[in-house]
């Protein structure tokens, strides 16, 4: 598993980072942070970010990638914008481009019906992804991802 994709779109989504870091550590993988800026049509043909704090979100993503690198991870940031495409399709395409071994994403914890009605990125990604998807729930803790370290090598 050479590459782990971690999809981030705001503060709540950062819960996916510990899992991505643990996978990257275990498999000596690089981490590619993917962010999709959803745009809505505006006056005179312009397009505007769905999230009013998009500039702050981008600044935070750059901080996250810098911190990952400072912590010894090979990390990159991939940005995409769309007004027509679904973010899950873009994340899946990025995973395919990078030949990712896994995608890590945090869910907001909507119930299944609400997830379908709100066009949940996580639910759609489960169907579109070219690789396994690890979904981090609101109740998942950082301790969940501390892998058991073996003291002695396992015999083949």
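Just give me the residues in region 1-52 being in a strand (DSSP E or B) and modelled with pLDDT under 90, in sequence order. Break it down into steps so the answer makes sense when it comes.
We begin by selecting, within region 1-52, every residue in a strand (DSSP E or B); these are 3-7, 30-41, 47-49.
Listed by number, the residues that qualify are 37, 38, 39, 40, 41, 47, 48, 49.
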- (1) at pLDDT 95 or above; (2) within 23 Å of residue 124 (Cα to Cα); (3) in contact with a helix residue (DSSP H, G or I) (Cβ under 8 Å, 6 or more places away or on another chain): which one isn't true of residue 96, the others all being true? (3)
- Message: Being in contact with a strand residue (DSSP E or B) (Cβ under 8 Å, 6 or more places away or on another chain), more than 23 Å from residue 28 (Cβ to Cβ), surrounded by 14 or more Cβ atoms within 10 Å (Cβ to Cβ) and modelled with pLDDT of 85 or more is the requirement here; does residue 106 meet it?
- Response: yes
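The values are calculated or read from the model by the stated rules, or taken from the named source; none is laboratory data. A quick note: this is a predicted structure, and the numbers were derived from the prediction, not measured. Counting neighbours? That spans all protein chains shown, and the Cβs are built from the backbone with ideal geometry, glycine included.
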